[in-house]
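Comments concern the structure below.
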Amino acid sequence: MADSREEKCPVCDSSDIDASIDISDVPIYCNVLWPSREVALDAAKGDISVGYCRDCGHVFNTSFDPSLMSYTEEYENSLHYSPTFNEYAESLASRLLEKYQLNNKSIIEIGCGKGDFLSMLCSRGENRGYGFDKSFEADRVASDTQKHVTFIQDFYGEKYADYDADLIVCRHVLEHIQYPQRFLQDIRQVIGERTDTVVYFEVPNALYTLKDMGIWDLIYEHCGYFNVNSLSRAFELAGFDVCEVGESFGGQFIYLEAKPRTSESTANKSETPPRLALEDLATCVTAFEGNYNAKVDDWRETLDALQKNNKSTVIWGGGSKGITFLNVLKTEQIISHVVDLNPHKHGLFAPGTGQEVIGPDALKALRPEHVIIMNGIYKDEITGMLEELGIAAEVSCI
Ligand SMILES: [Zn+2]
């Protein structure tokens, strides 16, 4: 595989790349569930080789092979079924609507998924929305949202240059793109002379993954892991001025707001200082490999003990973290089911390990003795639901 590895940073083009851990044989899609256990066990897999750019701090999968990927309607990554996430999305929408005075304006969302966030922005601000997504499904959209939002089942690009936008939103897309800098250059080109256009981007925070041991966030679909430096650098190199960049959602995400660079803004611009000490990031990357192996070993022990004591065990959370957890730990014999609030996932099966995804109600019959929560941010929400269901299971968080 070594000869097919990417040797340059896809953000800043540097060749100063440090190799870190390799994780082999993970499902290429964590967010595609399968209609039967048999096909789920047979799901396509790929390898992750973590590389680190010493110039901008970007972390990326040097073994990523885009030919394995194609996003289709089966791609299910909506988080809008969780109250905690909805609260976050609502407050983000309010902030953007207010800050950029988005009333009776046009908003484009690149990679709008099922359109939940764009609908929120449009219905609340009387705005017109244009949502671009290859995996868009018309039958999943409430009829009143169709009044505000036009959905386009395509990638956004030059041929849509006539679609004016006051705001371009793009959340949790850039980390899926092999050459993010080129992607941003294309967007900058489509914006052209409309230099009042604001862009809002949001991606997972690499620092959270590295520092807070969000190790289950290393997934094949994510070819890049941004930090505030590399995200800012990508936008600056693509012809934008970064207005604001920071962490959100308990440090799990980073967001960036930018405007197209103009000759005037270039003249007034002072050199941007690094926003994050790269030495700290490099230390995190070095520590990550050891920590990763230790955490995987710890969980293997815990799961072995649960199995030895015959404790019926489920995981809660059928998103990326859950699927990675199941696959890295080879859990077919130990974990019986995956619980998830999203009804569109129920009755489907986890790629690689084949557990069925069920709704919380199904736990009443199953009566698990141990529930492993895949994202600690939802712990209160989940323990509250277990209590309501009358299930006195032990609960732990990854
Ligand atoms: Zn770089």
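Between Q333 and T283, the contour length at 0.36 nm per residue exceeds the Cα-Cα span by 14.3 nm. Residues M374, M120, M69, arranged from fewest to most other Cβ atoms within 10 angstrom of their Cβ, appear as M69, M120, M374. Per residue of the chain, the DSSP helices (runs of n ≥ 4 H) give a summed -39500 (n - 2.57) that works out to -9500 deg cm²/dmol at 222 nm.
Based only on other Cβ atoms within 10 Å, what is the fewest-to-most ordering of Y225, Y179, Y255?
On the way: Y225 25, Y179 15, Y255 21.
Starting with the residue having the fewest Cβ neighbours, the order is Y179, Y255, Y225.
Diffusion coefficient (Stokes-Einstein, Kirkwood radius over C-alpha pairs, 10 °C, 1.306 mPa s) for the stretch 22-69: 129 µm²/s, rounded to a whole number. Electrostatic bookkeeping for V339 treats Lys and Arg as +1 and Asp and Glu as -1; over the other residues with beta carbon under 15 Å from its beta carbon, the sum is -3. Of all the options E221, E369, E247, the one that moves most in a Gaussian network model of the chain with Cα springs shorter than 10 angstrom is E369. Taking a straight line from the alpha carbon of K159, these lysines sit under 23 Å away, with near neighbours fewer than eight places off in the same chain left out: K105, K114, K134, K259. For helix 180-191, what angle does its Cα long axis make with the longest principal axis of the chain, in degrees from 0 to 90 and rounded to 10? With rounding to tens, the tilt is 40 degrees.
Residues considered: S14, S36, S67. Largest GNM mean-square fluctuation over the chain, using C-alpha springs under 10 Å, is found at S67.
Considering only DSSP beta bridges where both residues belong to the chain, give the percentage that are antiparallel (nearest 5). Restricted to the chain, the bridges split so that about 45 percent are antiparallel. When L96, L281, L231 are arranged by Cβ crowding within 10 Å, least crowded first, meaning fewest neighbours, the order is L96, L281, L231.
FYI, it's all coordinate maths here, none of it is from the lab. Here the structure is a predicted model, which is why all the values come from computation and not from measurement. Because the Cβ atoms are built from the backbone with ideal geometry, glycine has one as well, and the counts that use them run over all protein chains shown.
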